[in-house]
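So the structure is just underneath, and the comments pick up after that.
The values are calculated or read from the model by the stated rules, or taken from the named source; none is laboratory data. The structure presented is a predicted model; accordingly, all values stated were derived computationally and were not measured. As a convention, Cβ positions derive from the backbone with ideal geometry for all residues, glycine included, and neighbour counts pool all protein chains shown.
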Amino acid sequence: MAEVMDDRRDFEFLEHTADAYIAAYGKDLTEAFENAALAMFHVMTEVEKVNPKIEDYVEVEAHDEYALLYNWLEALLVKFEIKRTLFSKFEVSDLRKTSNGFRLKAKIFGEKYDPKKHPQKVGVKAVTYHRMEIIREPSKVTLRFILDI
C-alpha cells in the first residue's frame, strides 16, 4: 500500500527538459505501481494535504506490463478529470498475468479537489510511453515513465 511517507519517498523526479520524468520504486511490481500513482499526483499537488476519505476502485487490463502501467496511470488521470478527485493512497490488490495479458485491480483513496486546500502544481495532460522502462532487480522494481505536462 502506497501512501505519503514523512521524509522517505518511494519515487523521484528525474531530469527532463519539458515533462515530468519519474522513477517509481517498489520491492515488487505491485508496490512500484502504487508508488508510480503517488508520484503522478505529487506532480499535480501537495499530496500530503489530500485526505484519503473517499474510496474508489480501478480495474485495468493490457497486453503487456508497459501497457498496464500506461492504462493504470491513465485511468487515475481520467478519474481526476471526471470526478475532480485527488488521490493520495493506493492499494493494488491484484496484479497478475492472464490468458489475454495482464490485469490490475486496486482501491484508491482521496478527496474532492479544493483549490483552497490543494495547491495546484502542474497539470498532467497525459501519460506517455516515451522512455518507459520496467527494471527488475532481485529485491527491487523500478518503473520509469514520462508524464506530459
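Of the residues making up the stretch 76-106, those that are buried (at least 18 other Cβ atoms within 10 Å of the Cβ), of a type in the set (A, V, I, L, M) and either assigned to a helix (DSSP H, G or I) or touching a Pro at 6+ places or on another chain (Cβ under 6 Å) (or both) are Leu76, Leu77.
It is to be established whether one or more residues within the stretch 70-88 are among the charged types (D, E, K, R) and within 20 Å of Ile135 (Cβ to Cβ). Looking for residues that are among the charged types (D, E, K, R) and within 20 Å of Ile135 (Cβ to Cβ), one finds none in the stretch 70-88, hence no. When the stretch 6-40 is limited to residues that are among the aromatic types (Phe, Trp, Tyr) and at pLDDT 90 or above, the one that is surrounded by the most Cβ atoms within 10 Å (Cβ to Cβ) turns out to be Phe33. Screening the candidates Tyr70, Tyr129, Tyr57 for the property of being among the hydroxyl-bearing types (Ser, Thr, Tyr) and either assigned to a helix (DSSP H, G or I) or crowded, with 16+ Cβ neighbours inside 10 Å (or both) yields one hit, Tyr70.
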